[in-house]
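What follows is a short report on a single structure.
Values quoted throughout were computed directly from the atomic coordinates according to the rules given, and no laboratory measurement underlies them. For clarity, every value in this text was computed on a predicted model and none was experimentally measured. Reconstructed Cβ throughout: ideal geometry from the backbone, glycine too, with neighbour counts over all protein chains shown.
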Amino acid sequence: MRRRWLPLALLPLLLLARRPTKPEATTATETETATTTTTATATATATATEPTAADTEPPPRIEAPPLDLHAHPDTAPALIRAVAELALPDRDAAARTLARWLAQESARDTADARGNVPNLIEALGELGGDVANAALALALEDRSYDLALQTLIVQQLGAEIPRASLARFAARAANAPARDDLEVELRDEALTAADDSGRLAHLRRTP
């Protein structure tokens, strides 16, 4: 059989076709575009993860509503509890609100006010802190409060009661009338509260 020979003119083309293909060189423009895209992506990622000034700002303070309990007799107990438990969220602001209400309700001679006073005393005691304790210590010197309310104040103050205030209260309790069983019980409860507060205060001062 007669062999067929390719024309010599086609040989260079076949050799080129069989050589491995090399990747095309990247132009300077393409390299710059890729670098710019990568940098922009990294910047966007960093911006998304880093906190902004708005993220680090503290939440706005919630101030106490300018309410007077006598204007809301039906909801006064709920308002007292809300201020004490939520703390507005500033404890000192809450204590000032409760102290203001205590002074107002103590000056009113109505059934709802008489019910609000012990609630306010307990709310101040549960809230605690310097402002609340100062308000309770001041209220303890109010001679318009009966022995039961004074005892409640002492119980709420606990170890935080000032020495002079405790001494004056203990003297009043010791000299309280005991003409019937109820008065005897109130006096004994007052003396017990004074002893408990004095013991707690002593333990606190003892290193």
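Observations on the structure shown:
- Rg over Rh for the stretch 148-207 works out to 1.01, both radii taken from alpha-carbon positions and Rh defined as the Kirkwood radius.
- Efficiency of FRET between LEU67 and GLU185 - r from beta-carbon atoms, R0 45 angstrom, step 0.05: 0.80
- Distance between the 7 Å Cα→Cβ label points at LEU200 and LEU86: 2.8 nm.
- Calculated from backbone phi, Karplus (6.51, -1.76, 1.60) coupling profile of the stretch 151-160 in Hz, x at Gly/Pro: 5, 4, 4, 4, 5, 6, 6, x, 6, 7
- In terms of other Cβ atoms within 10 Å, LEU203, LEU124, LEU166 run from fewest to most in the order LEU203, LEU166, LEU124.
- In summary, the convex hull built on the alpha carbon positions of the stretch 99-202 has an orientation-averaged projected area of 6.3 nm².
- Gain upon complete extension [GLU126, ARG172; 0.36 nm per residue less C-alpha separation]: 14.1 nm
- Structural descriptor for the stretch 146-207: relative contact order 49 percent, calculated from alpha carbon pairs under 8 angstrom and at least 6 residues apart.
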